[in-house]
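Colleague: Mind looking over this structure? Questions follow.
Each reported figure results from applying straightforward, stated rules to the coordinates on display, with no laboratory input. None of these values were measured; they are calculated from a predicted model. Cβ placement follows ideal geometry from the backbone for every residue including glycine, while neighbour counts extend to all protein chains displayed.
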Ligand SMILES: C[S@@+](CC[C@H](N)C(=O)[O-])C[C@H]1O[C@@H](n2cnc3c(N)ncnc32)[C@H](O)[C@@H]1O
């Protein structure tokens with residue numbers, strides 16, 4: 001999150017946070033966070049203060065006044081949307097609520113042009129080459145996105161793919177060192193119509209309006225698969 005702060009020139013300017021990520025709650029001294037899930041605001045948000053507040057609402061239709069913010073920040077926020085329709089709506093809303101020469105800063109999960117195959121992933125897992133379960137899940141979702149040609153990955157499809165490819169959870173624990181309870185969290189996805197999206201960089205860029213002055217992808221560091229999770233920096 002230090003990386004986000006390094007790209008914020010005015011620490012007192014108003015900022016809009018897409019979500020309630022606590023690590024981003026103090027990027028400026030005037031921050032408005034928004035999330036449409038009340039439980040997330042209740043349980044994850046560190047609380048309102050004179051410098052920050054959380055609103056219940058949808059980023060695609062914030063109801064906030066025009067040109068209210070200098071910064072629009074988030075962490076994985078774009079990956080929560082339905083590709084590509086919601087992207088159009090969010091670019092439009094951000095363009096409206098950010099000031100001229102505003103800046104968007106958001107970490108994005110991007111599928112590489114060659115994310116590997118399911119067989120390669122299975123082999124890597126069984127050799128214990130993937131350290132953490134979250135990185136494994138991202139890899140799996142990115143392969144699914146690539147193979148289907150659709151960046152949106154429905155959670156129930158992820159669950160069913162996991163069951164088909166990795167039927168023996170005891171063996172997974174033995175081979176990978178992942179905790180059984182963490183592996184079992186995949187069961188929450190059973191029957192879920194929710195989706196996340198994992199576009200390639202080109203697919204993401206194809207959604208952007210031509211009006212942006214500059215678009216950059218700044219590498220993030222220090223965790224597994226960070227090479228697939230750059231920070232998007234857009235100067236409007
Ligand atoms: C900020 S995102 C990503 C969180 C985490 N940093 C990650 O990378 O997985 C997660 C949050 O977005 C919220 N969310 C997703 N789409 C939304 C939308 N259109 N409007 C408001 N909140 C939304 C969800 O309720 C959830 O709390």
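Colleague: Between helix 133-148 and the chain, what is the angle of the helix's C-alpha long axis to the longest principal axis, kept within 0 to 90° and rounded to the nearest 10?
Modeller: Here the helix axis deviates by roughly 90 degrees.
Colleague: With a ≥ b ≥ c the root eigenvalues of the C-alpha gyration tensor of the chain, is it rounded (a/c under 1.5), prolate (a/b larger than b/c) or oblate?
Modeller: prolate
Colleague: Of 210, 139, 179, how do they rank once you tally other Cβ atoms within 10 Å and put the fewest first?
Modeller: Fewest-to-most Cβ neighbours within 10 Å comes out as 210, 179, 139.
Colleague: Give the distance, in whole Å, between the Cα centre of the stretch 179-236 and the Cα centre of the stretch 3-36.
Modeller: Cα centroid of the stretch 179-236 versus Cα centroid of the stretch 3-36: 19 Å apart.
Colleague: Continuing with this model, one more query. For a protection proxy built on the mean count of beta-carbon atoms within 10 angstrom, sort 1-12, 193-204 highest first, please.
Modeller: The packing order, highest mean first, is 193-204, 1-12.
Colleague: Sticking with this one: Measure nothing fancy, just the Cα-based angle from helix 85-97's long axis to the longest principal axis of the chain, in degrees from 0 to 90, nearest 10.
Modeller: 30
Colleague: Turning to a different aspect of this structure: Starting with the highest mean, order 96-107, 219-230 by the number of other Cβ atoms within 10 Å, averaged over the residues of each peptide.
Modeller: Most protected by this proxy first, the peptides run 96-107, 219-230.
Colleague: Taking every DSSP beta bridge that has both residues in the chain, what percent is antiparallel when rounded to the nearest 5?
Modeller: 45
Colleague: What's the exposure ranking of 192, 68, going from fewest to most Cβ atoms within 10 Å?
Modeller: Final ranking by Cβ density, sparse to dense: 192, 68.
Colleague: In addition: Under a crude label model (7 Å from the Cα following the beta-carbon direction), how far is residue 122 from residue 182 in nanometres?
Modeller: Each label point is offset 7 Å from its Cα along the Cβ direction, giving 2.3 nm.
Colleague: Just to confirm the number: angle between the C-alpha axis of helix 155-165 and the first principal axis of the chain, 0 to 90 degrees, nearest 10?
Modeller: Helix 155-165 sits roughly 20 degrees off the main axis of the chain.
Colleague: Same structure again: For the chain, what is the mean residue ellipticity at 222 nm derived from helices alone (per DSSP H run of n ≥ 4: -39500 (n - 2.57); sum divided by total residues; nearest 500 deg cm²/dmol)?
Modeller: Helix-only estimate at 222 nm: -9500 deg cm²/dmol.
Colleague: Please sort 42-51, 24-33 by packing, taking for each peptide the average over its residues of neighbouring beta carbons within 10 angstrom, highest first.
Modeller: Packing order, densest peptide first, comes out as 24-33, 42-51.
Colleague: Per 0.36 nm of contour for each residue apart, how much would the distance between residue 23 and residue 100 grow if the chain were fully extended, relative to their Cα-Cα spacing?
Modeller: Taking 0.36 nm per residue and subtracting the Cα distance, the gain is 25.1 nm.
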